[in-house]
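These notes are about the structure you will find just below.
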């Protein structure tokens, strides 16, 4: 029973780099999505507020 060398294995350093890359990508995408949702909510709130003020 011998141990086979598998070239498909990833080293610890490569795995850490892949994790860091995935976290950076996730943080960038979540920041963009949060910004878009924030602007939509602020726009809706402002529109509603101006609409209420205009009708009073």
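The values are calculated or read from the model by the stated rules, or taken from the named source; none is laboratory data. Predicted model only: the values in this text are computed from it and were never measured. When we count neighbours, we look across all protein chains shown, and the Cβ atoms used for this are built from the backbone with ideal geometry, even at glycine.
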Open item on the list: Just to be sure I understand, how many residues within the range 34-56 are surrounded by fewer than 10 Cβ atoms within 10 Å (Cβ to Cβ) and either outside any helix (DSSP H, G or I) or modelled with pLDDT of 95 or more (or both)?
Closed with: 1
- [ ] Could you check how many residues of the range 7-33 are surrounded by 10 or more Cβ atoms within 10 Å (Cβ to Cβ) and not in a helix (DSSP H, G or I)?
- [x] 1
